[in-house]
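Structure first, commentary second.
Read-outs throughout are calculated quantities, based only on the coordinates presented, and are distinct from any laboratory measurement. This is a predicted model, so every value here is computed, not measured. Ideal geometry is used to build each Cβ from the backbone, glycine not excepted, and the neighbour counts take in all protein chains shown.
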Amino acid sequence: MSLPNVPDINPLITLTREKVFHLLLASVAMEEMSMSHILNAEGEKIQKILASDEVSLEDLLRVNQSVERIMRTMMKNQMLLLCKLEDILSLEQSLGFQEHHEEE
């Protein structure tokens, strides 16, 4: 798994509004990628326990409960990301980035 590449931002850097907009979009994308890795890990956890010969009903129920907790947390996070994305897109419209790109 590779880590996302974020530009080096230090207190001396100057960012335009458009660059900030792109960084905000990138942050949403990175959070989505992180969640996909978590979902994959949960799937692997389920596959591992199902492949085991010595699995009890209690083990299955514990894994199911664990995966359910993770899924609930991820659904909440998805709602927050949706709000963040909507805010970013409204920022794009209010700053007129779309018209700028269409003219080019």
| remark: Checked the range 1-33 for anything among the polar types (S, T, N, Q) and surrounded by 14 or more Cβ atoms within 10 Å (Cβ to Cβ); matches are Ser27
| note | Filter the range 35-65 for residues that are among the hydroxyl-bearing types (Ser, Thr, Tyr) and more than 26 Å from Ser2 (Cα to Cα); the one that is farthest from the chain's Cα centre (by Cα) is Ser56
| task | Taking only the range 43-53 into account, find how many residues are part of a helix (DSSP H, G or I) and loosely packed, with under 11 Cβ neighbours inside 10 Å. | result | 4
| the range 64-82, residues that are touching a helix residue (DSSP H, G or I) at 6+ places or on another chain (Cβ under 7 Å) and either over 11 Å from Met35 (Cβ atoms) or among the aliphatic types (A, V, I, L, M) (or both) | Val67, Ile70, Met74, Leu81
| query | For the range 1-42, how many residues meet the condition of being among the aromatic types (Phe, Trp, Tyr) and over 21 Å from Leu82 (Cβ atoms)? | reply | 0
| Somewhere in the range 72-82, is a residue exposed (fewer than 14 other Cβ atoms within 10 Å of the Cβ), of a type in the set (A, V, I, L, M) and farther than 30 Å from Val20 by Cα? | no
| query | Out of the range 1-42, which residues are under 25 Å from Leu89 (Cβ atoms) and in a loop (DSSP other than H, G, I, E, B)? | reply | Pro4, Asn5, Val6, Pro7, Ile9, Ile13, Thr14, Leu15, Thr16
| task | Please enumerate the residues belonging to the range 54-68 that are loosely packed, with under 11 Cβ neighbours inside 10 Å and part of a helix (DSSP H, G or I). | result | Leu57, Glu58, Leu61, Gln65
